[in-house]
Amino acid sequence: MSTTLRRHEMFIGGEWAPGEGAETQEIINPATGKVIAHVPKGTEKDVDRAVAAARKAFDGGWSDTTPRMRSEMLLKLAAAVEEHGDELARIESENVGKPLAPTKSEEIPPIVDCLRFFAGAARTLEGRATGEYMQGFTSMVRREPIGVVGQIAPWNYPLMMAAWKISPALAAGNTVVLKPSEWTPLTVLKLAELAAGIFPAGVFNVITGDGEPVGAGIVRHPGVSMVSLTGDVATGKEVAKAASQTLKRVHLELGGKAPVIVFDDADLEKVVEWIKIGGYFNAGQDCTAATRVIAGPRIEEKLLADLVPAIKSLKVGDPMAEDTEMGPLVSEEQLTRVSGFVDRARKEGAEVLTGGARIKKAGSWYEPTVVVPKGPEAEIVRKEVFGPVVTVQRFSDEDQALAWANGVDYGLAASVWTRDVGRALRMARKLQFGTVWINTHIPLVNEMPHGGYKQSGYGKDMSVYSLEEYTQIKHVMASLD
């Protein structure tokens, strides 16, 4: 049974509205290859409408709301998401191809918690102490919202990334124009439906369509004061370049190539289990996925002996089945990309220990894959594959492990596996990544920041650091005479 939304229009100014153009976008279920919905293909005129609605709402009272008022509305949205959690999980599963059971248990609760966290955090923002720093004058600091925030969410976690973006933005007193991925807009449209009776008209707007003209239109628009993007590095560079023309604030989360550094004293059973989870959850379509295993000289052989059968045992199949552990890739385009990486690695001399081929049935399916690459400079080691592909390399000593881990353009997340506390802390200190896990890989919590180093972008999601991203600081000085 289709779980798609009852209506597929844009949500602008508190109302559902068709696009200004006549074109629509087909939405495909990647597990079947079938069309499950149509949504409007937006235009720059739609961007104009949404930005105007958001600006009207900001100037018309939203920027004057108290933290308590905004907090109460976010709490209502959290309750609505929780109430409709099963429906949202089904929509996400059908649209993205994720297994339904873990989507219900591992994604919906953190999304609800994110909304509740920022509902509370909204009431904690404060400036530093007011004081006299020049004789005869008092200075104070105001922390104020930025204005209209344009947000562009990715296709791999459409609902969760939407929550990560809108929660701090709205909590801080901004209004939002959100563009979901053209491939996976359905849960975000459902979120807009749930928000419709909670927030004033124009506070939260959703427009659908392609990166050009809609995403790029948001970035170019002079009425947008800040842009937040989760996407690939190339898109991030284009966004930063375009945003510079109007000096917008830019928030970028641009992917990763997470190293999993396994020392010889690591708990091998835990390592294998977390690679199985961290490398193949959501078919490896995760910026923090455990994709790049760098193993010690005495443990690498045993690690491969245990890891390969564990990956072969993954249950790949119908996302709606309770025992499914991995579903399809999101699209034929993504399947072609992943296949290309593995095929080129083979030609370069890599050994594919398991997987490495398309699963021949309707939809966009690829086998869970383990690759021993030719060397640390191989494309499949250095570039983000974004699929169910894990590479395994053998290092000789701690210095080489660190050099290999840091020797890529990305810097989002990494993990270190060892029983030696000193070594773990040394590595955590020197790894150039925004998140470093020790003896685990992939858990995130709303209290802690998430964001990248190097070409993985800048700015933080989650935590009070994210809330600060969506505010600006004003110094107010008053004469005492």
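Results, tabulated for the structure shown:
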item	result
Set of lysines with alpha-carbon distance to residue 104 below 21 Å, sequence-local pairs under 8 removed	76, 165, 190, 276, 315
Against the rule of thumb 2.2 N^0.38 Å, how large the Cα Rg of segment 288-440 comes out	1.09
For segment 68-114 and segment 293-313, distance of Cα centres in Å	35
Residue order for 379, 15, 322 - accessible surface, 1.4 angstrom probe, largest first	322, 15, 379
Neighbour net charge for residue 40 - beta-carbon separation under 9 angstrom, K R +1, D E -1	-3
Percentage relative contact order, the chain, counting C-alpha pairs under 8 Å, at least six apart	18
Segment 198-315 - percent of accessible surface contributed by carbon and sulfur, probe 1.4 Å	55
Candidate residues 140, 448: accessible-area rank, largest first, probe 1.4 Å	448, 140
Accessible area of residue 198 in the full protein assembly, 1.4 Å probe (Å², nearest 10)	30
Local electrostatic count at residue 202 - Lys and Arg +1, Asp and Glu -1, tallied over other residues with Cβ under 9 Å	+2
Total formal charge among the other residues, if their Cβ is under 10 angstrom from that of residue 409, Lys/Arg +1 and Asp/Glu -1	+3
Nearby aspartates and glutamates by direct alpha-carbon distance to residue 45 (threshold 18 angstrom, same-chain neighbours under 8 apart not counted)	9, 15, 20, 23, 182, 210, 212
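The values are calculated or read from the model by the stated rules, or taken from the named source; none is laboratory data. Remember, it's a predicted structure, so these values are computed and weren't measured experimentally. So basically every Cβ, Gly included, is an ideal-geometry build from the backbone, and we count neighbours across all protein chains shown. When the accessible area is computed, the model is the full protein with side chains, heavy atoms only, and any ligands, DNA or RNA have been set aside. Shrake-Rupley method; radii C 1.70, N 1.55, O 1.52, S 1.80 Å.
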